[in-house]
Amino acid sequence: IHAAKKQGQVIEVEWQKSLTYIAETKLAHFVQVDFSATPYNQVGKDKVFFPHIVVDFDLKTAIRKGLVKTLVLDRRKELATLELDFKAERDENGNVIGLSEGQRVMLRAGLEKLRMLEVAFIRVSLAKKKYPKMLIVCEDTEVVPFVHEFLLTEGLGEEDVMEIHSDRKGEVSVAEWQAIKNRLFHLDSHEQPRVVISVLMLREGFDVNNICVIVPLRSSQSGILLEQTIGRGLRLMWREPEFQDEKEENRRRLFKEKTNPKNYFDILSIVEHPAFLTFYEELMNEGLIGTDDQDSKTGENATGNIITVGLRAGYEKYDFRFPLIVREAEEIMSHPEIKPENLAALEWPTLAQLKKMVGQGETFISEEATQGTRFGDYHIQSGVMSATSYNDYIARLVNRVSIMFREPVSKKSHALAKTKYPLLQINLAVFAGVIDNYNRHYLFHEEFQPFVDENWRVLLVEHVANHIIKELAVAVLKMQETAVLDTSEVLYRNVSEVTQLRIREDFALDTAKTIYEKTAYPSNKGGLEKSFIEFADRCASVQALVKLFPYAHNFIRLRYLKDDGLAAHYYPDFLVRCTNGQVYMVETKADDQFAHLNIQRKHASALYWIDNVNKLPPEKRDQATWNYVLLGEAFFEDWKKRGATVEEILEFAKLRPKKMNGRML
């Protein structure tokens, strides 16, 4: 029982060796009694229970009596949308090179739940120091730095994240290691860290009460491993008697009424991991775990009646190849230059006004501009505003502006070969120099000395920081706009690479001209998309169509610059191929959304991409001409009633590329 297996040999764990030594002289007078949360060994998929169990006070009883947290499986709409790879990306030698999309999805889901809990608990946390925490369990120590870096890019600070795994003992001194463990075991009393990343600490003591969210990134399908992971968060956080009625109400709703919890007091949310589906089902069948499919922002049910649809027989006839233009692997690109003198100066407020405002101790909003992400728009403070020095501020600006442009182009849905084709390489040191030069000589209509009288602090004002970010992001994005050459290498991604979709059955249509067995449409304000799908599937002028889902077909996307200067991704709604040999990238929009500035920017980006693709030789675009269509509801319904075909509607509504200032802007 108390043994570990290393390199094929079974050896006793250290503490068991000590007990065995004590027992040697006591013979029959020695009795060893153990307490175990997992009284079994995992043999394949089977549990082999210990032969001499004296008392079995199981987890189900403990949960029903409210002695430990109530387990809830966080089945979120984002995780139920598609099949993703949930293992870390590795190179041909097995070395970890990054997080998979599935792991990023799980981490973002966990962060969203954590933030929701932090807001929900604030009224009692201040007085009673209740700070919810998230535990991330990685597959091995190589993954930890990538998780740490990802959390920082999602808005967490260094003090918000803590790594704790046994392998670190060799990297730090004994005193430092004890300080790390001491910080961990006093986690409940402090607002930071908010997230703990763990690898090999599951079998060691972990006396923390405030773990409320667990993200199991480990890909092992061992049930005992997941039970040990869950065990790290079972200790009660809300022990005060005034919360007992509310917690009892939760248990009644989860286990008797089979509905979502009413509140999150002593709820342990486990972000769903596909590798453990069998284990989750076993827990649910035993009444050990409930499910929570509420949206973390609104509390609304976001999963509905989920089904999985696959590729239909003969799907190849309806498939699409999406071209991605990349540079030749050997091509040495020219070095476009960002000239600070070409960036716009800040017109208001003046430097004198800013210095006066800061001197009076004005408090400025530190929350940065909204960044679009996989789960919608989050308000994320990237850390720019919390800089502690001018050099720190420059470094944070460099990271903030460049991060969206570092993401590479992918050749495959897995393994990627992605370091070969970066979207845009940015020399960060040179970029930092450009920012410094701009700040000193061109940001204001006068020279700016950041180190005199701590003048650099005026740059922390949100309006100033946003202006700098916007000007720099526009300049960087313009660097991407280079000519398309006949020698340009074109990669192709098939829509059919996404072999399965999870969709809501109540909002799905049986269609004949798409690669999938059913086609889904939005449950909220999806009337136009539903009408378009039904009409296009019946129309003889349509050869194939596909509804695109950003969470699944995330390789079919275009970059654009939002009004606030931040780079973001744009995902079209449909691809349609007609009998005239044209392929249409279609976006459906309500008529009242046409004038929105960010919509205009998306369209400019799409037209720029269309123009570049159509400049390629015909054989590099499958002999097809690509078009972009913005389809309004009133126009579509009117032409449909007049008897127009889909081909006629799309041909008339397509936007024509034109010369624009900045083109993508």
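The values are calculated or read from the model by the stated rules, or taken from the named source; none is laboratory data. Being a predicted model, the structure only gives us computed values, none of them experimental. In this analysis, Cβ positions are derived from the backbone assuming ideal geometry, glycine residues included, and neighbour counts consider all displayed protein chains.
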>> Take the conditions buried (at least 19 other Cβ atoms within 10 Å of the Cβ), touching a helix residue (DSSP H, G or I) at 6+ places or on another chain (Cβ under 8 Å) and either closer than 30 Å to residue 465 by Cα or free of Cβ contacts under 8 Å to residues at least 40 places away in the same chain (or both) and apply them to residue 562. Does it pass?
In response: yes
>> Return the residues of the stretch 257-273 that are on the phi < 0 side of the Ramachandran plot and more than 21 Å from the chain's Cα centre (by Cα); say none if nothing qualifies.
In response: 257, 259, 260, 261, 262, 263, 264, 265, 267
>> Can you pull out every residue in the stretch 206-227 that is closer than 19 Å to residue 59 by Cβ and at pLDDT below 70?
In response: 206, 222, 223, 224, 225, 226, 227
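Residues checked against (1) crowded, with 21+ Cβ neighbours inside 10 Å; (2) among the charged types (D, E, K, R); (3) out of contact with any Phe, Trp or Tyr (no Cβ under 8 Å at 6 or more places or on another chain); (4) assigned to a helix (DSSP H, G or I):
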residue	(1), (2), (3), (4)
616	no, no, yes, no
620	no, yes, yes, yes
629	yes, no, no, no
640	no, yes, no, yes
>> Between 528, 545, 491, which is closer than 30 Å to residue 601 by Cβ and not assigned by TED's automatic domain parsing to the domain that holds residue 629?
In response: 491
> Name the residues in the stretch 517-560 that are outside any loop (DSSP other than H, G, I, E, B), among the hydrophobic types (A, V, I, L, M, F, W, C) and under 21 Å from residue 628 (Cβ atoms), would you?
Replying inline: 528, 532, 533, 535, 536, 542, 544, 545, 546, 558
> Taking interchain pairs and intrachain pairs at least six residues apart, which have beta carbon atoms under 7 angstrom, with the first residue in the stretch 306-325 and in contact (Cβ under 8 Å) with a residue 12 or more places away in the chain and the second hydroxyl-bearing (Ser, Thr, Tyr) and in a strand (DSSP E or B)?
Replying inline: 309/516; 311/516; 312/516; 321/492; 322/492; 323/492
>> Being surrounded by 16 or more Cβ atoms within 10 Å (Cβ to Cβ) and modelled with pLDDT under 85 narrows it down to one residue among 405, 322; which is it?
In response: 405
> Do we find that residue 576 is over 26 Å from the mean Cα position of the chain (by Cα) and outside any helix (DSSP H, G or I) in this structure?
Replying inline: yes
>> Just to be sure I understand, how many residues within the stretch 341-359 are part of a loop (DSSP other than H, G, I, E, B) and among the polar types (S, T, N, Q)?
In response: 1
> Only one of (1) modelled with pLDDT under 75; (2) assigned by TED's automatic domain parsing to the domain that holds residue 272; (3) touching a Gly at 6+ places or on another chain (Cβ under 9 Å) fails for residue 71. Which number is that?
Replying inline: (1)
> Which of the following residues is at pLDDT 85 or above and under 26 Å from residue 152 (Cα atoms): 105, 96?
Replying inline: 96
>> Pairs needed: first member in the stretch 339-356, under 10 Å from residue 438 (Cβ atoms); second member anywhere, exposed (fewer than 12 other Cβ atoms within 10 Å of the Cβ); C-beta distance under 9 Å; at least 6 residues apart or different chains.
In response: 345/445
> Which is part of a helix (DSSP H, G or I), in the same structural domain as residue 217 (by TED's automatic domain parsing), touching a Lys or Arg at 6+ places or on another chain (Cβ under 8 Å) and modelled with pLDDT of 75 or more, of 159, 149, 139, 118?
Replying inline: 118
>> On the basis of being charged (D, E, K, R), touching a residue at least 24 places away in the same chain (Cβ under 8 Å), closer than 22 Å to residue 313 by Cβ and in a helix (DSSP H, G or I), does residue 506 make the cut?
In response: no
> Across the stretch 185-205, what is the total count of residues that are surrounded by fewer than 18 Cβ atoms within 10 Å (Cβ to Cβ) and at pLDDT 75 or above?
Replying inline: 7
> Of all residues in the stretch 228-262 being aromatic (Phe, Trp, Tyr) and either part of a loop (DSSP other than H, G, I, E, B) or closer than 24 Å to residue 131 by Cα (or both), which is modelled with the highest pLDDT?
Replying inline: 238
>> Checking the conditions here, which among 652, 636 is over 30 Å from residue 470 (Cα atoms) and either out of contact with any Ser or Thr (no Cβ under 8 Å at 6 or more places or on another chain) or part of a strand (DSSP E or B) (or both)?
In response: 652
